[in-house]
Amino acid sequence: MDYAIQQVLNALSFGAEYALLALGLAIVFSIMGLVNFAHGEIIAAGGYSMFAITSLLTGNPFVVIVGALLVAVLASVLLERVAFRPVRYADASTGLLTAFGVSMILQNLFLLLVSPRPIAITNLYFLNWPIEVAGVQISTLQVFETVTTAIAICLLVVFLKKSSFGIAMRAASLDFEMVRLMGIRANRVVAVAFAVSGLLAGLACIFIMARRGSVDPTFGFNPVLKAFVACVLGGFGSLPGAVLGGFLLGAIEVGMLVLLPQSYGGMKEAFVFGIVALILVWRPDGILSPAVEKGDKL
Amino acid sequence: MSLSAYISRDQRSGLVGSLLLSCLLIAVGLLVVYFGQRYQLRIVYAAYVNLLVVLGLQVFMGNANITNLSHSAFMGIGAYVAAICVTPVKIKAISLPQAPWGLNAFALDPWVSAFIAIAITALLAWLVGLIITRLSGIGATIVSLALLVIVHSIFLHRTDIFKGKQAFFGIPQVFDINSILIISVCAIFVARAFRESHWGIQLRASADDEVGARSMGVNVYRVRLIAWVLGSVFLAVAGISYAYFLGTISARPFYFTHVFLTVAMLILGGMRTVTGAVLGTLLISFGLEGVRYLETGPELLGIKLPELLGLSGIMLGVVIVVTMAFRSSGITGNTEIEQLFNRWRR
Amino acid sequence: MLELHNVRVYHGPIEAVHGLSVSVSEGQCVVLLGPNGAGKTSTLSAIAGVASSRGQITFNGHDLEGLSIEERQRLGIALAPEGRRIFSNLSVRENLLIGAATRTDRPGVASDIDYWFSTFPVLHERSDQAAGTLSGGEQQMLTIARALMSKPRILLLDEPSLGLAPLICKQIFALIDSLKAQGMTILLVEQNVRDALQLADYGYMLNSGNLMSEGDRETLSRQGASMSTLTGINHT
């Protein structure tokens with residue numbers, strides 16, 4: 001029983017992390033049709049900023065956390081400004097390849113300017129200590145992660161439903177040009193989308209960091225790959241889909257860990273991606289794919 | 001009867017273009033054979049192997065306009081199958097003592113091995129292709145990505161067959177620069193012939209307007225599948241050429257780094273044309289060598305430059321971003337080499 | 001108020017309008033007539049900044065060249081586009097709210113929404129439903145109301161009667177008439193010649209991107225019979 005509860009919690013916390021990352025991808029995609037593969041490097045930038053703040057300013061964890069969030073938001077907005085604006089109205093594959101290029105540049109910049117080797121950042125370990133609840137051993141980090149994700153999703157929903165800017169962003173995901181025809185500045189909508197996306201990446205970065213305790217140039221690669229998969233699973237461009245896909249992916253991963261015999265441990269990824277491919281064959285546009293606007297004239 | 005009764009004007013034009021590109025390849029090859037040093041020979045060889053990969057990519061990705069990221073996996077499959085078949089039993093007894101199904105108990109002629117490798121790669125590609133050709137856009141890209149991850153983790157996990165991260169050694173080095181020259185010239189003709197063929201035209205039409213092509217009676221899935229399998233043959237040949245020249249392979253080169261490198265080559269040159277594939281490969285291959293030289297921190301004009309690890313990656317990324325921003329159809333756009341010459345003459 | 005001088009409109013490499021001059025003065029209702037493919041919608045798109053164009057377009061003394069879609073809207077140009085293009089997943093109320101995105105007077109926006117809800121009780125009944133569930137006529141009303149929420153100086157109306165039942169058409173034209181009576185400047189694109197001419201102060205007749213004729217209501221009505229044979233417009 002304990003084991004089962006632990007695994008469920010595992011699945012939830014993995015899923016929460018993936019949901020955060022996938023939401024970040026989905027919010028940008030829903031508005032401008034861009035698959036932002038450089039999202040991973042935003043996460044890595046957050047990680048490196050933790051290192052910079054710790055070694056230059058202070059090791060105070062709250063300063064470090066706030067600083068990392070800020071850097072992630074700024075980096076995300078800056079990337080849009082510099083790299084993605086020229087391809088804003090281009091087709092999806094042009095945007096995807098641009099994002100690959102940006103990701104490659106940033107990874108190698110980290111390598112060139114900081115170090116190819118992992119850098120230890122241990123001042124977030126305090127988030128992660130074991131506690132016993134009703135006789136079950138769990139880690140606080142998992143609780144924090146799940147709760148934070150839940151709060152972030154709620155805030156995002158409120159923002160999108162209640163604020164006038166949120167309404168504009170939802171409208172932009174349906175018909176961007178029409179939103180501009182309402183006098184709403186395209187640059188501002190896109191910038192806010194990237195800022196939200198960066199904030200979500202920053203949150204994810206904190207939890208990944210608290211678990212791993214080190215950052216290296218390819219730090220963001222695996223998380224963004226998972227986020228990408230989660231988005232596709234849920235239906236690209238659908239925000240509820242991203243959340244569903246994230247949690248589903250978390251569940252599949254933990255399920256694989258539980259079900260696969262020890263000797264097949266290295267094959268976990270292969271099975272996870274195999275299941276994902278099968279789901280896509282079953283539903284090519286993902287589980288909750290958004291309704292396609294049929295541009296009928298009447 | 002004249003030749004023109006059998007082939008169209010575009011196909012004739014394609015023959016001329018392939019000939020021109022072959023001359024370019026042979027010229028570079030001869031230059032390095034007569035004047036180059038050993039390490040330059042290796043660079044050119046590697047560039048031509050990548051050319052095969054990029055041509056294979058062009059056949060599917062360029063004509064169908066679907067971003068494919070699984071190609072390095074198919075190259076790996078071709079390389080490993082050939083390596084397993086061709087490596088002498090004595091060496092396999094040492095390197096693969098635990099191999100199942102008697103894989104370490106036989107060794108075949110290089111040609112037979114190559115044939116088997118191509119056949120197995122094409123068969124696997126066909127099976128996967130049945131699925132992937134039915135998806136389009138982002139869906140197809142993600143499944144190809146999944147494929148890459150799956151194949152890579154199999155390479156890493158089944159150390160008893162593939163040796164994982166360690167080197168699979170002892171492959172007879174039967175290829176030299178001449179072999180790759182001949183192969184790449186053939187590859188250019190095949191890729192160009194496919195582009196101008198009945199299927200190639202249908203595929204390009206479906207890339208521009210899938211619904212429109214369908215309504216004209218084009219079986220989009222079928223032409224995509226043909227291109228996908230043909231592309232995989234190119235990739236298998238690239239993998240075999242790689243293994244037969246180096247003599248050792250490992251799983252690492254068949255993963256993301258190589259995927260991005262070759263995709264960058266194709267999109268810089270222009271994925272819609274065979275000329276673009278050749279141009280992009282040569283530019284990036286030789287350009288990167290220059291950058292790698294700078295990376296090591298050389299002395300230029302009396303100034304000692306610092307070591308700049310990662311510079312080549314940055315340059316590659318910049319090439320992709322700049323190409324996408326200013327000329328997303330690549331250098332050649334929609335123009336093949338002979339069309340360019342014709343324009344000059346006029 | 002709005003002046004187009006020798007305007008050419010492009011869709012990619014194709015020129016859809018070959019040098020058109022149009023003038024709309026304050027409080028006027030001007031109509032662009034012509035069959036499918038005449039370049040009417042292209043002209044409106046060029047004014048709104050959606051399609052690229054050459055030639056001069058001035059609005060209230062501002063040269064519109066180089067201004068983005070949103071900057072033009074902020075000068076007071078509102079487009080109610082062809083095919084309506086409501087935000088189908090957003091509620092009716094949200095659609096209206098987004099129309100007023102450039103306004104800062106919250107009470108004014110609220111009272112304008114109430115005004116439209118009282119004008120079109122159907123929209124009020126469905127204010128929290130997804131706009132995609134509305135009927136075609138209701139969607140058209142919403143589109144016009146949404147465009148007017150920004151308190152524009154000119155309304156560009158693209159084929160408001162397209163695909164609607166005759167009874168609904170009548171309501172739409174009655175609405176346009178009342179807007180005109182309130183002093184709204186309107187540039188209307190229509191294929192429904194007779195109804196449109198009844199509203200219009202002045203009209204332009206286009207075919208294949210060229211101006212065929214222009215004139216006030218009487219002139220165009222008189223030419224109507226010959227025009228219909230020339231352009232194939234159903235003149236009933």
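Derivation of every value follows stated rules applied to the coordinates shown; laboratory data play no part. Here the structure is a predicted model, which means the values were calculated and not measured. All Cβ positions, glycine included, derive from the backbone under ideal geometry; neighbour counts span all protein chains shown.
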Geometric extent, Cα atoms of the protein assembly as shown - Rg, Dmax (angstrom): 31.2, 101
Spin-label point model (7 Å from Cα, Cβ direction): what's the A:Asp91 to B:Val33 distance in nm? 4.0 nm
At least 30 Å along the helix axis (C-alpha) and Kyte average at least 0.5, DSSP helices within chain B: B:9-35, B:110-132, B:220-246, B:274-295
Value of Rg/Rh across the stretch B:1-90 [Cα atoms, Kirkwood radius]: 1.09
Can you tell me how the stretch A:93-220 classifies by the Cα gyration tensor, rounded, prolate or oblate, using a/c under 1.5 as the rounded cut? oblate
Sorting B:Val322, A:Phe159, A:Leu23 by the position of each Cα along the dipole of the protein assembly as shown (Lys, Arg +1; Asp, Glu -1; all at Cβ), the one nearest the positive end of that ordering is B:Val322
Cα-Cα over 19 Å: which of C:Lys151/C:Lys180; B:Lys90/B:Lys163; A:Lys268/B:Lys165; C:Lys40/C:Lys180; A:Lys226/A:Lys268? C:Lys40/C:Lys180
How much length, in nm to one decimal, is gained on full extension between A:Ser55 and A:Val147, taken as 0.36 nm per residue of separation minus their Cα-Cα distance? 30.1 nm
Nearest-0.05 FRET efficiency for B:Gln98 and A:Phe159 at R0 = 56 Å, using Cβ-Cβ distance, is 0.50
Estimated 222 nm signal from helices in the protein assembly as shown, with DSSP H stretches of n ≥ 4 weighted -39500 (n - 2.57), rounded to 500: -20500 deg cm²/dmol
I need the shape label for the stretch B:210-291. Rule: rounded when a/c is under 1.5, else prolate if a/b > b/c, else oblate, with a, b, c from the alpha carbon gyration tensor. oblate
Intensity falloff of the stretch A:42-159 expressed as log10 I(q)/I(0), Debye formula with alpha-carbon point scatterers, at q = 0.11, 0.12, 0.15, 0.21 Å⁻¹: -0.55, -0.64, -0.92, -1.22
Shape box of chain C [Cα atoms, principal axes, largest first, Å]: 47, 41, 32
If you average the sequence gap of Cα pairs under 8 Å that are 6 or more apart and divide by the length of chain B, what percent do you get for the contact order? 28 percent
Cα-Cα P(r), the stretch A:2-219, percent of pairs per 5 Å interval: 1, 7, 14, 17, 18, 15, 12, 8, 5, 2, 1, 0
Among B:Met216, B:Gly137, B:Leu103, which residue has its Cα furthest toward the positive end of the charge dipole of the stretch B:3-253, with +1 on Lys/Arg Cβ and -1 on Asp/Glu Cβ? B:Leu103
Checking the a/c ratio against 1.5 first, then a/b against b/c, what shape does the Cα gyration tensor give for the stretch B:3-253? oblate
Out of A:Ile131, A:Val66, A:Tyr3, whose Cα points farthest toward the positive end of the dipole of the stretch A:2-219 (charges: +1 Lys, Arg; -1 Asp, Glu; placed on Cβ)? A:Val66
Pairwise FRET efficiency - B:Lys90 versus C:Val122, Cβ, R0 = 60 Å, nearest 0.05: 0.10
Where only alpha carbons of the stretch C:20-160 are counted, the Rg and the Dmax (Å): 15.7, 46
Within the stretch A:93-115, whose backbone N sits under 17 Å from a point 7 Å along Cα→Cβ of A:Glu177? none
Under 19 Å from the A:Glu132 label point (7 Å along Cα→beta-carbon), backbone N, the stretch A:1-40: A:1-7
For the peptides B:64-71, C:113-120, what is the packing order when you average, over each peptide's residues, the other Cβ atoms within 10 Å and list the highest mean first? B:64-71, C:113-120
Placing +1 at every Lys and Arg Cβ and -1 at every Asp and Glu Cβ, with all other atoms neutral, what dipole size does the stretch A:2-219 have around its Cα centre, in debye to the nearest 20? 620 debye
Within the protein assembly as shown, what percent of beta bridges assigned by DSSP are antiparallel, to the nearest 5? 65 percent
If contacts are Cα pairs under 8 angstrom and at least 6 residues apart, what is the relative contact order of chain A in percent? 35 percent
Applying 1/(1 + (r/R0)^6) with R0 = 56 Å to the Cβ-Cβ distance of B:Glu299 and A:Leu70, what FRET efficiency is obtained, to the nearest 0.05? 0.85
Cα-centred dipole magnitude for chain B, charges only on beta-carbon of K, R (+1) and D, E (-1), debye, nearest 20: 240 debye
In order over the stretch A:240-250: 3J(HN,Hα) from phi, Karplus 6.51/-1.76/1.60, θ = phi - 60°, whole Hz, x for each Gly or Pro, gives x, x, 4, 5, 4, x, x, 5, 4, 5, x
Over the stretch B:29-82, consider all pairs of different Cα atoms and compute the Kirkwood hydrodynamic radius from their mean reciprocal separation; express it in Å, one decimal. 12.8 Å
With the contact rule set at Cα under 8 Å and sequence spacing of 6 or more, what percent relative contact order holds for chain C? 28 percent
